[in-house]
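Inspection log for the structure reproduced underneath, given as structure tokens.
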Amino acid sequence: MNGGSVMKVGVVGAGTMGAGVAECLAQAGHGVIVVDPDPQAVDGARSRMRDSLRLAILLGRTGGPKPAEIAARVRWTDSPTELRDAAFVIECVPERIDLKEKVFAELDRVCGPETILATCTSGIPVDRLAASVTHPEQVVGLHFMNPAPLKDTVEVVRGPRTSAQTLDRALTLLASLDKTGIVVGDGPGFLLNRVLMLCIAEAAAALGDGIADAATTDALFEGCLGHPMGPLRTADLIGLDNVHDTMTALRELTGDDHYRPPESLEALIDAGHLGRKTGRGFHDYR
Ligand code: NAD
């Protein structure tokens, strides 16, 4: 642990990102409360975290406490009231504006006046969510990447009302996780997804037009541009449902039709192919 004292940190949502962020926090020694109303999501997150902590030891990524000791720092609950004395809460619920606004309003009721409220949103402006709380200066974006335990850099979003102290506390928390925060301004998609979602949308549309199949598209980005992962493989990793929600939110927020989810993406989702998590997306992982 590096740069900051141990805190009580809340995570709202035990999905892909919530579980990953909770693991990073527990690994760094923080006490973590994860809130999710869905018992199946909680069971899945617990077992993914156990597997990931064991793998970290096997790969020599960590030589610290045993996985069971780290996992014991996390408490799982369906009750947001347990977040009342958290120093920080990181919201990781699905990418829907109305849902996130509801969660922020609830956190405002439940948490103490000092709590920093962070969102892991892929692209909903931080200031839009800050409008649901009494202290908008204590709201910040922490756009962790997936898988959170393996990614060293976080896109940190400073809203127009985020205070310097909040930003400083967010960067200190990231430093305690051995992660670097890169700060950007607020706006739909911030920097990364403003660009990445257009790239995925165009790659999926080109696939639909018969210009190149998924393997060819990704091979071009990887071979010619040196990207470690092409746009369609990246979409599979993010989760195609999540990509769809992010494009839909960006289209709603910007009015720009370039963010319209392409038909090839919708067809995969309709068939239940959501990317790596279901074994098939643009690529087949089975
Ligand atoms: P997910 O669907 O895997 O998980 C969302 C979780 O939130 C589910 O377990 C669900 O039960 C829970 N949830 C729903 N309503 C809730 C509520 N009211 N209170 C508490 N929990 C609730 O989603 P995810 O992929 O983890 O994405 C979460 C957020 O992180 C989204 O905003 C997404 O855009 C963002 N994000 C995702 C990725 C990625 O690669 N998946 C990367 C960066 C950011």
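The rows are residues; the columns are (1) within 8 Å of the ligand (Cβ to nearest atom); (2) touching a residue at least 40 places away in the same chain (Cβ under 8 Å); (3) under 17 Å from the mean Cα position of the chain (by Cα).
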position: Val12; (1), (2), (3): yes, yes, yes
position: Thr16; (1), (2), (3): yes, yes, yes
position: Cys24; (1), (2), (3): no, yes, yes
position: Ala28; (1), (2), (3): no, yes, no
position: Val35; (1), (2), (3): yes, yes, yes
position: Ala45; (1), (2), (3): yes, no, yes
position: Asp51; (1), (2), (3): no, no, no
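Looking across Pro65, Pro160, Pro136, one residue alone is out of contact with any Gly (no Cβ under 6 Å at 6 or more places or on another chain), more than 11 Å from the ligand (Cβ to nearest atom) and modelled with pLDDT under 95. It is Pro65.
Counting only residues that are farther than 21 Å from Asn146 by Cα and not charged (D, E, K, R), which one in the range 249-258 is nearest to the chain's Cα centre (by Cα)?
Here is the first cut: in the range 249-258, the ones farther than 21 Å from Asn146 by Cα are 251-258.
Add one more test, that the residue is not charged (D, E, K, R), and what stays is 253-255, 258.
Values: Leu253: 19, Thr254: 21, Gly255: 24, His258: 23 Å.
Going through the qualifying residues, I end up with Leu253.
Find the residue count for the range 112-133, including only residues that are within 14 Å of the ligand (Cβ to nearest atom) and either open to solvent by less than 30 Å² (accessible area, probe 1.4 Å) or over 18 Å from the mean Cα position of the chain (by Cα) (or both). If you could, list the steps in order and put the result at the bottom.
So the first thing to find is which residues in the range 112-133 are within 14 Å of the ligand (Cβ to nearest atom), and the list is 117-126, 128-129, 132.
Among the residues that remain, those that are also either open to solvent by less than 30 Å² (accessible area, probe 1.4 Å) or over 18 Å from the mean Cα position of the chain (by Cα) (or both) are: 117-126, 129, 132.
So the count comes out to 12.
Screening Leu150 on (1) touching a helix residue (DSSP H, G or I) at 6+ places or on another chain (Cβ under 8 Å); (2) at pLDDT below 95 shows it passes everything except condition (1).
With the structure loaded, tell me whether Leu177 is open to solvent by 10 Å² or more (accessible area, probe 1.4 Å), in contact (Cβ under 8 Å) with a residue 60 or more places away in the chain, in the same structural domain as Glu91 (by TED's automatic domain parsing) and of a type in the set (A, V, I, L, M) or whether it fails that test. Step through it out loud before you land on a result.
On the way: open to solvent by 10 Å² or more (accessible area, probe 1.4 Å): yes; in contact (Cβ under 8 Å) with a residue 60 or more places away in the chain: yes; in the same structural domain as Glu91 (by TED's automatic domain parsing): yes; of a type in the set (A, V, I, L, M): yes.
When the stated conditions are applied, Leu177 passes them.
Annotation for the range 88-107: no member residue is of a type outside the set (A, V, I, L, M, F, W, C), farther than 16 Å from Ala148 by Cβ and more than 16 Å from the ligand (Cβ to nearest atom).
Given the criteria open to solvent by 20 Å² or more (accessible area, probe 1.4 Å) and on the phi > 0 side of the Ramachandran plot, does Gly210 qualify? Give the steps one after another, and end with the answer.
Numbers: open to solvent by 20 Å² or more (accessible area, probe 1.4 Å): yes; on the phi > 0 side of the Ramachandran plot: yes.
Answer is yes for this residue.
The values are calculated or read from the model by the stated rules, or taken from the named source; none is laboratory data. The model shown is predicted, which means the values in this text are computed figures rather than measured ones. Glycine also receives a Cβ, built like all others from the backbone with ideal geometry; neighbour counts cover every protein chain displayed. Heads up: the accessible areas ignore ligands, DNA and RNA and are worked out on the full protein's heavy atoms, side chains in. Shrake-Rupley method; radii C 1.70, N 1.55, O 1.52, S 1.80 Å.
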